[in-house]
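For reference, the structure is listed below as structure tokens.
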Amino acid sequence: MKMAMDTGADALLPGLGDPVIDSQRVFRAVLDAMARPGTLHELPQAVAGSVGAPAPFEAATAAVVLALADQETPVWLDPSADCAAVRQHLRFHCGCPLTGNAAAAVFAVVADPGAMPPLSAFDQGSDEFPDRSTTVIVQVPALTGGAPLELAGPGIRDRVRFAPGGLPAGFRRWVADNHAGFPRGVDLILTSGARLAALPRSTRLEG
């Protein structure tokens, strides 16, 4: 009788169903979210239904990391996400190096937003190379129903109300401080289930 293996490649969940096409689909969704801060975007059904998401990752978190990270982009995982299943999944499917230093990460993944470090803990980029800052992917319980943020700035006509749930009490202040350092600062991608939204560093809080 063949015994099921719980370690090694046989235990790996699938990555993106079609790595090239699905990466393009996810990248387009991320770009749309960045272009319209605070608006909700669904992963294409073909991606959401096929991507493997090792716990505690959900579909959008897994898809965004696999689409954006590669062998040249160090990834930081918060303690909740830093488990054997996630590390193995990322190394196998996108080959990204993992770092324990948040400030050295090109991408950071937060699976427990209530315990996330302040945004200042990540690479802020520099005035000469602001694009070298960390992109922080934050998986939240929901993208609606939380404390509302009134957003303004590029890509927003007048204002947008965005109310992600499960974020720490200091998050509003962190976002304000993050924008104050523009063009330096991190970009945020918030995920929940198969949906995502973005808070780029250019976005400011009103009220």
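The values are calculated or read from the model by the stated rules, or taken from the named source; none is laboratory data. None of these values were measured; they are calculated from a predicted model. Cβ sites come from the backbone with ideal geometry, for glycine too, and all protein chains shown count toward neighbours. Note: areas computed on protein heavy atoms with side chains; ligands, DNA, RNA excluded. Shrake-Rupley method; radii C 1.70, N 1.55, O 1.52, S 1.80 Å.
At 0.36 nm per residue, and after removing the present C-alpha to C-alpha distance, how many nm does the segment from D127 to T73 gain when stretched out fully? Provide the component values of the computation, followed by the final result.
Values: separation 54, 0.36 × 54 = 19.44 nm, distance 2.06 nm.
Between D127 and T73, full extension yields an extra 17.4 nm.
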Q | Sites excluded, GluC sites (Glu not before Pro) in DSSP loops with at most 15 other C-beta within 10 Å, longest stretch of the chain | A | 129-207
Q. Hey, if you put +1 on the Cβ of every Lys and Arg and -1 on every Asp and Glu Cβ in the stretch 126-207, which of A198, T144, P168 ends up farthest toward the positive end of that dipole?
A. T144
Q: Return the carbon/sulfur percentage of the accessible area of the chain, one whole number, probe 1.4 Å, all protein chains in place.
A: 53 percent
Q | Antiparallel DSSP beta bridges within the stretch 47-146, as percent of all bridges there, nearest 5 | A | 0 percent
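Return one whole number: the accessible area per residue of the chain in Å², for a 1.4 Å probe.
On the way: 9900 Å² over 207 residues.
With all protein chains present, the chain gives 48 Å² per residue.
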(Q) Using a Gaussian network model on the chain with a 10 Å cutoff between Cα atoms, which of A35, A84, A67 fluctuates the most? (A) A84
Q | Residue-span extension gain [A104 to L12] - 0.36 nm each, minus C-alpha spacing | A | 30.4 nm
Q. Taking only DSSP H segments of four or more residues, each worth -39500 (n - 2.57), what value at 222 nm results for the chain once the sum is divided by all its residues, to the nearest 500 deg cm²/dmol?
A. -7500 deg cm²/dmol
Q: Give the Rg (one decimal place) followed by the Dmax (whole number) of the stretch 1-134, computed from C-alpha coordinates and expressed in Å.
A: 15.6, 62
Q | the chain, relative contact order [Cα under 8 Å, separation at least 6], % | A | 23 percent
Q. L149's amide H: which non-local residues (gap 5+, or another chain) put their own amide H closer than 5 Å, with H modeled 1.01 Å from N in plane and none for Pro or chain starts?
A. F162, A163
Q) What residue among A108, A60, A194 has the largest mean-square fluctuation in a Gaussian network model of the chain, using Cα springs under 10 Å? A) A194
Q.
Quick query: amide H of R159 versus all other amide H atoms, modeled in the peptide plane; which residues come in under 5 Å with a sequence gap of 5 or more or a different chain?
A. none
Q: Once you've got the GNM for the chain with C-alpha springs shorter than 10 Å, pick whichever of L98, L31, L119 has the biggest mean-square fluctuation.
A: L31
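Compute the convex hull volume of the Cα atoms of the stretch 52-207, divide it by the residue count, and report the result per residue in Å³ as a whole number. If you can, show how the numbers build up before the last one.
Working: hull volume 15.9 nm³, N = 156.
For the stretch 52-207, the hull spanned by Cα atoms encloses 102 Å³ per residue.
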